[in-house]
Amino acid sequence: MASNRKQKRPGAKMHRKRTLTAYMFIAPNLIGYLVLTFVPIVLSFVYSTYEWNLGSTKIFVGLKNYIYMFTKDLDFGRVVWNTFYYTIGTVPICLILSLLLAILMNQKLKGKVFFRSVFFFPYVASLVAVAVVWMALFNPDKGPVNEFLRGIGISNPPRWAASAEWAMPTIIGLTIWKQAGYYMVVYLAALQGVPSELYEAAKMDGASAFQRFLHVTWPMVTPTTFFVTMMLIIGTFKSYDIMYVTTQGGPGTATKVLAYHIYRRAFESMEYGYASALSVFLFAIVLIITLIQFKGEKRLTSYL
């Protein structure tokens, strides 16, 4: 028995050493997550029950901030509507465009490496640079888009970001232009993992190109579609930087979304307690949508 224990000790020591090494590898990311994500989330829940402005002491007010949010904040209903409008307008189009670009780039085409780089470039480029180019293209007075529209006989083209009606579609277009290249690469990786034997078998059965997409490509990329959809929804709900760089939420409140509303309340009005309550509301919306997505994952996703 004693000899068996002596034999087990070196193995146990090696196991502890490997476990410690594993924890050392994950520690930087875990510490960063705890300090920069988990702790701020917990503090947001706590501060949402306080009235706290810059230079003043924190006063516990319970649910007062939430009552104010739903009853007295005149911009709240508008920014929630704008957030859903922005998300619903961005996610489906970006999803479809990314998949179509990936299918195109997966074909045997000349110069496809160059075009992949072109489509991916807006994602890695500075948001400020991309926004400046986009706003110049859609400048209502001298932009090439409106010049083209006037050239084909449209005498009064849209004023795009300067118009309350067209400002949000302009921002949606900018978001799609910047994000589609990244998700194209994600889809491209998924397409390259589809076994070629499946396409060959489908061709032998006489399936058309559309039928091959419907019965081979689409089922094989549904896990990627689930991932892309989830990331796009979360990204659009928390987006504020595009509005900050381009329209500052205007004209009026036409492009003021919930995340930008939180930013202005926190860092312009210095209402940290109320901004925390808005953050908790945004967290709740994203959590509910994420849970619904995960609940429907098994029905919509095919794992082969």
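The values are calculated or read from the model by the stated rules, or taken from the named source; none is laboratory data. If you're wondering where the values come from, they're calculated on a predicted model, not measured in any experiment. Cβ coordinates were reconstructed from backbone atoms using ideal geometry, including for glycine residues, and neighbour counts include every protein chain displayed.
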query = Looking at (1) out of contact with any helix residue (DSSP H, G or I) (no Cβ under 6 Å at 6 or more places or on another chain); (2) among the β-branched types (V, I, T); (3) surrounded by 15 or more Cβ atoms within 10 Å (Cβ to Cβ), can you tell me which one I288 breaks?
reply = (3)
task = State whether one or more residues within region 218-232 are modelled with pLDDT of 95 or more and under 26 Å from E165 (Cα atoms).
result = yes
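Have a look at I96, I103 and point out the one that is surrounded by 13 or more Cβ atoms within 10 Å (Cβ to Cβ) and within 29 Å of F213 (Cβ to Cβ). Steps first, answer last, please.
On the way: I96 fails: surrounded by 13 or more Cβ atoms within 10 Å (Cβ to Cβ).
Among I96, I103, only I103 is surrounded by 13 or more Cβ atoms within 10 Å (Cβ to Cβ) and within 29 Å of F213 (Cβ to Cβ).
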task = Identify, from the list F226, F213, the residue that is more than 17 Å from C94 (Cβ to Cβ), touching a residue at least 60 places away in the same chain (Cβ under 8 Å) and among the aromatic types (F, W, Y).
result = F213
key: region 153-167, residues that are touching a helix residue (DSSP H, G or I) at 6+ places or on another chain (Cβ under 6 Å) and either in contact (Cβ under 8 Å) with a residue 24 or more places away in the chain or at positive phi (or both)   = W160, A161, A167
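Name the one entry in L34, L54 that is under 30 Å from the mean Cα position of the chain (by Cα) and either exposed (fewer than 12 other Cβ atoms within 10 Å of the Cβ) or not hydroxyl-bearing (S, T, Y) (or both).
Working: L54 fails: under 30 Å from the mean Cα position of the chain (by Cα).
None of the other options fit; the residue is L34.
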inquiry  = Return the residues of region 35-90 that are more than 30 Å from P169 (Cα to Cα), aliphatic (A, V, I, L, M) and out of contact with any Asp or Glu (no Cβ under 6 Å at 6 or more places or on another chain); say none if nothing qualifies.
reply    = V35, L36, V39, I41, V42, L43, V46, L54, L63, I67
